[in-house]
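Down below is the structure, laid out as structure tokens.
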Amino acid sequence: MSIFNEPKIDCHNHIFDPVRFPYRPDTHYRPSGQECGSARLFMQVLDAYGVRHALVVGPNSGYDTDNRCLLDAIAQSGGRFKGIAVVENYCSLETVSALQTQGIVGVAFNPAFLGVAYYTGTALLLKMLSQLGMLLQVQVEKDQLPNLMPLLDGSDVRLLIDHCGRPEPRDGLSNRAFQALLALGRSGRAWVKLSGLSKFSHEAHPHADTWPFIEALVQAFTLDRCVWGSDWPYLRAPERVEYGPQLKLIERLFPNAVDRNKLLWETPRQLLGWASDT
């Protein structure tokens with residue numbers, strides 16, 4: 001069976017719809033042109049490639065803590081989407097709980113964009129997420145993870161690490177930050193997204209310099225805690241990215257259909273709470 005016919009969940013993507021939901025005036029970056037993509041268009045993309053569900057990630061660019069576009073996408077998906085929101089560091093339990101009732105399953109921290117120090121003092125937020133059974137999604141890059149670990153170690157919140165931890169391929173697998181990520185995987189309290197290869201690769205597609213890192217992550221996390229994401233619609237991509245070739249790369253890296261079913265369907269379905277027959 002082709003990967004296009006197998007059940008799949010896309011666990012990292014964004015909706016940018018500035019016509020219906022104008023960007024915040026103080027936004028760091030204003031996606032435009034081919035970087036934009038409405039919920040309606042994204043559902044058409046998913047239909048074309050046989051993807052049943054999506055975890056839509058609220059972006060710091062464009063919207064930041066304005067989650068209206070994200071919530072609208074979830075509402076119009078008919079249960080097909082769930083979301084990761086961006087919230088204020090000191091928001092209330094009521095705020096987070098209200099988001100959860102609207103299909104939000106976690107909150108995003110983005111040190112790769114805002115720096116590690118930005119999240120100082122968020123222990124109470126992590127406690128709230130843990131109370132509600134929600135996820136903390138973390139995007140770090142290069143050597144940031146060890147500096148964030150004191151905050152993460154002080155909480156029992158479930159962790160979802162973006163984009164393979166965005167390691168520096170030239171530093172190799174022995175890099176301290178990547179080893180910290182592998183240790184986190186072996187601890188059993190975190191999941192990792194095998195996604196965003198173009199964000200840290202120094203090579204064009206198929207980004208062969210990232211493959212040893214993917215192999216190491218699968219060994220440490222196991223496929224019970226690995227998920228896949230497309231990163232559609234490819235904000236600030238260094239080269240043209242297409243949905244189909246990304247799926248074919250996963251088929252190449254995971255030639256066993258049972259492994260692909262675990263990565264693309266069973267693990268994300270169980271993590272995010274979709275029924276087996278949807």
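Descriptive notes on the structure:
- Sites ARG170 and THR120 - FRET efficiency at Förster radius 45 Å, r taken between beta-carbons, to 0.05: 0.90
- Over the residues of the chain, the helix contribution to mean residue ellipticity at 222 nm works out to -10000 deg cm²/dmol, using -39500 (n - 2.57) for each DSSP H run of at least 4.
- Fluctuation leader among ALA204, ALA54, ALA220 - the chain, Gaussian network, Cα springs under 10 angstrom: ALA204
- Region 3-272: relative contact order as a whole-number percent, Cα under 8 Å and 6+ apart: 19
- A simple rule links phi to the HN-Hα coupling: the Karplus curve 6.51 cos²θ - 1.76 cosθ + 1.60 with θ = phi - 60°, which for region 160-173 gives 10, 8, 6, 6, 6, x, 6, x, 8, x, 5, 7, x, 6 Hz, with x for Gly and Pro.
- From phi via Karplus (6.51, -1.76, 1.60), per-residue ³J(HN,Hα) for region 91-97 in Hz, x at Gly/Pro: 6, 8, 4, 4, 5, 5, 4
- Under 14 Å, Cβ to Cβ, from LEU99 - net charge with Lys/Arg +1 and Asp/Glu -1: -2
- Database remark: amide H of GLN139 closer than 5 angstrom to the amide H of PHE109, ASN110, ALA112, ASP162 (H placed geometrically; neighbours at sequence offset of 5 or more, or on other chains; Pro and chain starts carry no H).
- Each semi-axis of the equivalent ellipsoid for region 1-143 is √(5λ) with λ an eigenvalue of the Cα gyration tensor; in descending order they amount to 25, 18, 16 Å.
- The H on the amide N of CYS11, modeled in the peptide plane, is under 5 Å from the matching H of LEU55, TRP228, GLY229, SER230, each at least 5 residues off or on a different chain.
- Taking only the C-alpha atoms of the chain, the Rg (one decimal) and the largest Cα-Cα distance, Dmax (whole number), read 17.4, 49 Å.
- Phi angles of region 69-82 translate, via the Karplus equation with coefficients 6.51, -1.76, 1.60 and θ = phi - 60°, into HN-Hα couplings of 5, 4, 5, 5, 4, 5, 5, 7, 7, x, x, 6, 10, 10 Hz per residue; Gly and Pro are given as x.
Taken together, the values in this text are just the output of simple stated rules run on the coordinates, not laboratory data. Since this is a predicted model, take the numbers as computed values, not measurements. Glycine gets a Cβ as well: all are built from the backbone with ideal geometry, and neighbour counts include every protein chain shown.
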